[in-house]
Amino acid sequence: MTALVVRELVTETPSIVSIRLESPDGSSLPLWQPGSHIDVQLLTRHERQYSLCGDPADLTAYRIAVRREPRSRGGSHYIHGYLRVGSLVWVRPPRNLFALAEAPSYLLLAAGIGITPILSMARHLAAQNAEWQMTYATRHRDDIAFADELGALGERVTTHVSGESGRLDLPALLSRASPGTAVYACGPQAFIDELTELAGLLPEGSSIHVERFEPRQREHRPNAPFTVVCTQSDVTVEVPAGRSMLESLQGAGIPVEGSCLRGICGSCAMNVLEGEPEHRDSLNSDERSMTIYPCVSRSLSPTLAVDV
Ligand code: FES
């Protein structure tokens, strides 16, 4: 991880603060694309994933935004209460699991703090002269973050305040999309769940891409022990019912990293070479995927061979 220093803290709304992070010696930071996130480790050792919401062309800084969570597991509480200009945080290079695909048109949908990756996408699409529209839903007018930056993007951006105008009409938004539209959405679980249930309303050739803050609820069978064959390391590891595959691999000295440990960040991804993975993550949408996230996922077959 690389140490970065907090150069600026801006109160965007009563519950959202944005943070500008720079290299302590002012050197350039690794390149990133809209949709990317960074893993941030705080002094308290809490590690969280935050979408980058700044300008990808500005490599002097990363910008993230953090909402005050009433039931914070530590990260949000520390950032809002104790992080100061000059504080150090530790960061892994950006990873993009929410990248913009080529499409004739884009519909960007953000709810609440889900604005962060969507803002960088909107800025990028505007710079590319792409065909795009964006709707940003908040509960109250005070909750609108980055209002000036969104205003600068012009009429393609619509803000919807549900406390004033009622529930956002997602069916109408999706029905009006043109064929081939790529929908990118980020927001709370109920928003994403509703959106994915309405996917059938989109015209032909369209696609939906979502990013979640919370793990998707997935049904699975009770934990059972299984064996993992690590082909690169030439090590065989037993995974007991009461331990995750990631913990078991790390315990055996296999160099695999995890961050969220909830199947949402993608940092522990590995390729399955043989066997039948049981996907319990929130990233795979195809049950036949041969990418496994071992912090939460397990195996349906007695043995799994992985490329580590
Ligand atoms: S550690 Fe985040 S997906 Fe596994």
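The values are calculated or read from the model by the stated rules, or taken from the named source; none is laboratory data. Computed from a prediction, not measured in an experiment: that's the story for all the values here. Glycine gets a Cβ as well: all are built from the backbone with ideal geometry, and neighbour counts include every protein chain shown. Calculation scope for accessible area: heavy atoms of the full protein, side chains included, ligands and nucleic acids excluded. Shrake-Rupley method; radii C 1.70, N 1.55, O 1.52, S 1.80 Å.
For the stretch 226-306, what is the accessible area per residue in Å² when the probe is 1.4 Å?
On a per-residue basis, 45 Å².
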> Equivalent-ellipsoid semi-axes (√(5λ), Cα gyration tensor) for the stretch 66-111, whole Å, largest first?
Replying inline: 31, 16, 10
> Taking Cα atoms, how many degrees apart are the long axis of helix 115-127 and the longest axis of the chain, rounded to 10 and kept between 0 and 90?
Replying inline: 60 degrees
>> Explain nothing, just the number: dipole magnitude of the chain about its Cα centre with +1 on each Lys and Arg Cβ and -1 on each Asp and Glu Cβ, in debye rounded to the nearest 20.
In response: 780 debye
>> Loop only by DSSP, 10 or fewer other Cβ within 10 Å of the Cβ. Give me the trypsin sites (Lys or Arg not before Pro) in the stretch 204-308 that pass, ordered by residue number.
In response: ARG288
> Quick one: with all protein chains in place, what share of the accessible area of the stretch 132-272 is carbon or sulfur, to the nearest percent (1.4 Å probe)?
Replying inline: 47 percent
>> Compute and list, largest first, the equivalent-ellipsoid semi-axes of the stretch 226-306 from the alpha carbon gyration tensor, each √(5λ) rounded to a whole angstrom.
In response: 17, 14, 11
> Suppose R0 equals 51 Å; then what is the FRET efficiency for ARG243 and GLN128 from their Cβ-Cβ distance, rounded to the nearest 0.05?
Replying inline: 0.65
> Between THR236 and ALA147, what length comes free when the chain is fully extended (0.36 nm per residue of separation minus the Cα-Cα distance, one decimal in nm)?
Replying inline: 26.7 nm
> Over all Cα pairs of the stretch 191-268, how is the pair count split among 10 Å bins, expressed in % and running from 0 up to the last occupied bin?
Replying inline: 14, 33, 26, 18, 8
> Which distance in Å, rounded to a whole number, links the C-alpha centroids of the stretch 273-298 and the stretch 173-194?
Replying inline: 25 Å
>> Loop-only chymotrypsin sites (Phe, Trp or Tyr not before Pro) in the stretch 26-106, please: DSSP not H, G, I, E or B, and at most 16 other Cβ atoms within 10 Å.
In response: TYR82
> Looking at the square roots a ≥ b ≥ c of the eigenvalues of the Cα gyration tensor of the stretch 105-212, which shape do they give, rounded for a/c under 1.5, prolate if a/b is larger than b/c, or oblate?
Replying inline: oblate
> Any idea what the relative contact order of the chain is, in percent, if you count C-alpha pairs under 8 Å spaced at least 6 apart?
Replying inline: 14 percent
> Accessible area per residue of the stretch 1-113 at 1.4 Å probe, in Å²?
Replying inline: 47 Å²
> Using the reciprocal of the averaged 1/r over all distinct C-alpha pairs, how large is the Kirkwood radius of the chain in Å?
Replying inline: 20.8 Å
